[in-house]
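Working notes, beginning with the structure itself.
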Amino acid sequence: MVATLVRLKWRLTLNSLKNNIWALIGTAVGTLYGLGLLLALVAGAIGLGRLGADTAAPVLAAAGALTVLGWTLVPLMLTGVDSTLDPRAMAAWTAPSRPLVIGLAVAAATGVPGLFTGAGLLLPVLVWAVAGQWGAALLALALAPAALATCVLLSRVVVIGAGVSTSRRGRDRAGVIAVLVVFLVSLAPSLLNLGARLDSGIGPQGLRTAARVAGLTPFGWALAAPGHLARGEAVAAIGLAAAALALPAALAPVWGRVVGRVMTGPARSDARSRAYDGGAQADAGGGGAGAAAGAARVLPWHRRLERIMPSPAAAVAARCLRYWRTDPRYLVQVITLVVMPVLTPVMIALGRASAIDVGETSLAPGRASAVLLAAPALAALLCGWGLHNDLAFDSTALWTQVSASVRGRDDRLGRLAAAALWQGPVIVVLALVGGVWTGLWHALPAVGGLSAAIYGCALAWSSLTSALLPYEANAPGDSPMKSRTSGTAFLAALVQMVGMGVICLAAAPVVAGFTAAALAGAWDWGWPLLAGGALWGAGAAWAGAVVGGRLLDSRGVRILTAIRSWPGHEQAR
């Protein structure tokens, strides 16, 4: 059965690439990237081996711990990744058995991630061979299968045993937490570098100690044991090696119980239904008045916004505002759009301050670097650009607009209004915070004009591309971090990269005016620049809504058909 399951996994993987050119291109690019990374790691392993055992041991111990943690946390955050042979899907075809349990684990280990991980776990053998520690190299070779088995079994036990992917709320929580984890991990190198520059106790010795501690945890036992042997600590090496071999042996029966439980137990879900008051009143005989009252409670912003825009556009805006508050896919965007424009200038300013002056002067409020004034402009760019695939988030529910013949212009205006209602205040607050922190209040009008122009041009780009070049988005209910499977990742990356350049080019006149004022120090021109930037941005956003609305009117059915063809969207509700 083991060989059958391995063949089945690869057959399913290859079938997913068949007749899908984008999936094939994405897989090829990913494979080339993985091979390039592996070659870089080989070069790094050779260099690490030449540094000696005292340096190589803690590095390998930390690498081993991070590898096991990655196998555990990444699938937990990206629910659905490598779930080709989920035991729940096999319950209708076979019963839980020992061969099935072993076969599922082996099939997971022989997938693409498992093969690359297995190759990476052999790099310690090269490190110790280059270092001349042949005993440690042999021990690393013997423990590599145990390390891979630990990765696979722990990942399967946690991800499938926790039942995250079977719960709508679990997927939502995992997706939002995943974004926070990604931010923390991406910021860790910068924070450590800054801490080392500021002499805050996080230096090379502190990192070495942390790496050794990581090697003493169950996650790092397999790669830490050869390091202890290379340093002459035979007793510690034997103890860690024995523990590393015992860990997958202990996880195997746990995995067997998890397979039996998910294949034979009842399906679990913590989803709860909710009824709106208006519907109940209408059913009870309240008639149209009750239904109207319920509609007002369901979409309260519709009644407020229809005073300043067409009622269909106000309805779209009210619905999108609910998405921004409740849909985890939108919540992830909110976190990204708020945090990234703040962190990027702050990290640049802190890096410059630590390189030039480690005192408090350059970081104090009112005297901070002028780089922080870039936050509102960066936020404007990201916020407007972030809507470039907003239409795809509706999934097959888009048919309600298509069947109701909602004008494309109303759809475009509604989505832009919903985003601007919360993004506009965020941009303004970032500008005011930048003024407080830098003390450059005289530059704020010019910064505001630049931000307004960029935001309007970004909204225009989004209005056009979401109707002209929609690409696969995660279906409602999927984890926001789940990888797309239709092979459109390459197209998505291309659209996103081109979009940044087009937006900056569209706002070029205002950007040029801001640059001239900044170079000449002529901040008195900031107020005219603010008015001009606001008019430019508003005009660009209106033009984008009009042209994008025409595209949506002519392409609505085709867009809906394309969405229907994406994996997971055919069953979206």
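Take A545 and decide whether it is closer than 26 Å to P376 by Cα, among the aliphatic types (A, V, I, L, M) and touching a residue at least 24 places away in the same chain (Cβ under 8 Å).
The answer is yes for A545.
(1) under 21 Å from A244 (Cα atoms); (2) modelled with pLDDT under 85: which one isn't true of L78, the others all being true?
So the condition that L78 fails would be (1).
If you go through the stretch 444-478, how many residues are closer than 26 Å to A377 by Cβ and either assigned to a loop (DSSP other than H, G, I, E, B) or basic (K, R) (or both)?
Within the stretch 444-478, residues that are closer than 26 Å to A377 by Cβ and either assigned to a loop (DSSP other than H, G, I, E, B) or basic (K, R) (or both) number 1.
Where residues in the stretch 259-283 are touching a helix residue (DSSP H, G or I) at 6+ places or on another chain (Cβ under 6 Å) and part of a helix (DSSP H, G or I), which of them is modelled with the highest pLDDT?
Looking at the filtered set, the residue picked out is V259.
Based on this model, can you work out whether R329 counts as farther than 30 Å from S369 by Cα, basic (K, R) and either modelled with pLDDT of 80 or more or assigned by TED's automatic domain parsing to the domain that holds A368 (or both)?
yes
Can you give me the number of residues within the stretch 203-258 that are aromatic (F, W, Y) and either over 17 Å from A142 (Cα atoms) or not in a helix (DSSP H, G or I) (or both)?
2
Only one of V316, V254 is at pLDDT 85 or above, under 24 Å from V157 (Cβ atoms) and either surrounded by fewer than 19 Cβ atoms within 10 Å (Cβ to Cβ) or touching a Gly at 6+ places or on another chain (Cβ under 9 Å) (or both). Can you tell me which?
Going through V316, V254 in turn, the sole match is V254.
So that you can scan it fast, the table gives a plain yes or no per residue for (1) closer than 30 Å to I427 by Cα; (2) surrounded by 18 or more Cβ atoms within 10 Å (Cβ to Cβ); (3) within 29 Å of the chain's Cα centre (by Cα); (4) not assigned by TED's automatic domain parsing to the domain that holds P476:
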{"site": "W527", "(1), (2), (3), (4)": "yes, no, no, no"}
{"site": "L530", "(1), (2), (3), (4)": "yes, yes, no, no"}
{"site": "L535", "(1), (2), (3), (4)": "yes, no, no, no"}
{"site": "A541", "(1), (2), (3), (4)": "yes, yes, yes, no"}
{"site": "A545", "(1), (2), (3), (4)": "yes, yes, yes, no"}
{"site": "L551", "(1), (2), (3), (4)": "yes, yes, no, no"}
{"site": "V557", "(1), (2), (3), (4)": "no, no, no, no"}
{"site": "L560", "(1), (2), (3), (4)": "no, yes, yes, no"}
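In the stretch 21-39, what residues are modelled with pLDDT of 75 or more and surrounded by 11 or more Cβ atoms within 10 Å (Cβ to Cβ)?
A28, V29, T31, G34, L35, L37, L38
Considering only residues that are outside any helix (DSSP H, G or I) and without any contact (Cβ under 8 Å) to a residue 60 or more places away in the chain, look in the stretch 105-153 and name the one that is nearest to G220 (Cα to Cα).
Restricting to residues being outside any helix (DSSP H, G or I) and without any contact (Cβ under 8 Å) to a residue 60 or more places away in the chain, the top hit is L122.
Residue-by-condition table, conditions (1) outside any helix (DSSP H, G or I); (2) among the hydroxyl-bearing types (S, T, Y); (3) at pLDDT below 90:
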site	(1), (2), (3)
G366	yes, no, yes
C383	no, no, no
S403	no, yes, yes
R409	no, no, no
A417	no, no, no
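Would you check if there is a residue in the stretch 460-470 being under 17 Å from G384 (Cα atoms), at pLDDT 90 or above, in contact with a Cys (Cβ under 8 Å, 6 or more places away or on another chain) and surrounded by 24 or more Cβ atoms within 10 Å (Cβ to Cβ)?
no
Which of the residues spanning the stretch 419-440 are out of contact with any Pro (no Cβ under 8 Å at 6 or more places or on another chain) and at pLDDT 90 or above?
Correct list: A419, A420, L421, W422, Q423, G424, P425, V426, V429, L432.
Say whether the condition of being assigned by TED's automatic domain parsing to the domain that holds A512 and under 28 Å from the mean Cα position of the chain (by Cα) is met by at least one residue in the stretch 435-443.
No, every residue in the stretch 435-443 fails to be assigned by TED's automatic domain parsing to the domain that holds A512 and under 28 Å from the mean Cα position of the chain (by Cα).
Could you list, in sequence order, the residues of the stretch 496-512 that are touching a residue at least 24 places away in the same chain (Cβ under 8 Å) and part of a helix (DSSP H, G or I)?
Correct list: Q496, G499, M500, V502, I503, C504, A506, P509, V510, V511.
For residues in the stretch 40-53 being over 32 Å from the mean Cα position of the chain (by Cα) and farther than 22 Å from F219 by Cβ, which is surrounded by the most Cβ atoms within 10 Å (Cβ to Cβ)?
Across the stretch 40-53, the extreme among qualifying residues is G49.
Among the residues of the stretch 397-405, is any in contact (Cβ under 8 Å) with a residue 60 or more places away in the chain, within 20 Å of P310 (Cβ to Cβ) and touching a Cys at 6+ places or on another chain (Cβ under 9 Å)?
Looking for residues that are in contact (Cβ under 8 Å) with a residue 60 or more places away in the chain, within 20 Å of P310 (Cβ to Cβ) and touching a Cys at 6+ places or on another chain (Cβ under 9 Å), one finds none in the stretch 397-405, hence no.
Just checking, does the stretch 4-20 include any residue being crowded, with 16+ Cβ neighbours inside 10 Å, modelled with pLDDT under 75 and either touching a Phe, Trp or Tyr at 6+ places or on another chain (Cβ under 6 Å) or not in a helix (DSSP H, G or I) (or both)?
Within the stretch 4-20 (the criterion being crowded, with 16+ Cβ neighbours inside 10 Å, modelled with pLDDT under 75 and either touching a Phe, Trp or Tyr at 6+ places or on another chain (Cβ under 6 Å) or not in a helix (DSSP H, G or I) (or both)), the answer is yes, since at least one residue qualifies.
The values are calculated or read from the model by the stated rules, or taken from the named source; none is laboratory data. Just so it is clear, the structure is predicted and the values come from calculations on it, not from any experiment. Neighbour counts run over all protein chains shown; Cβ positions are idealised from the backbone, glycine included.
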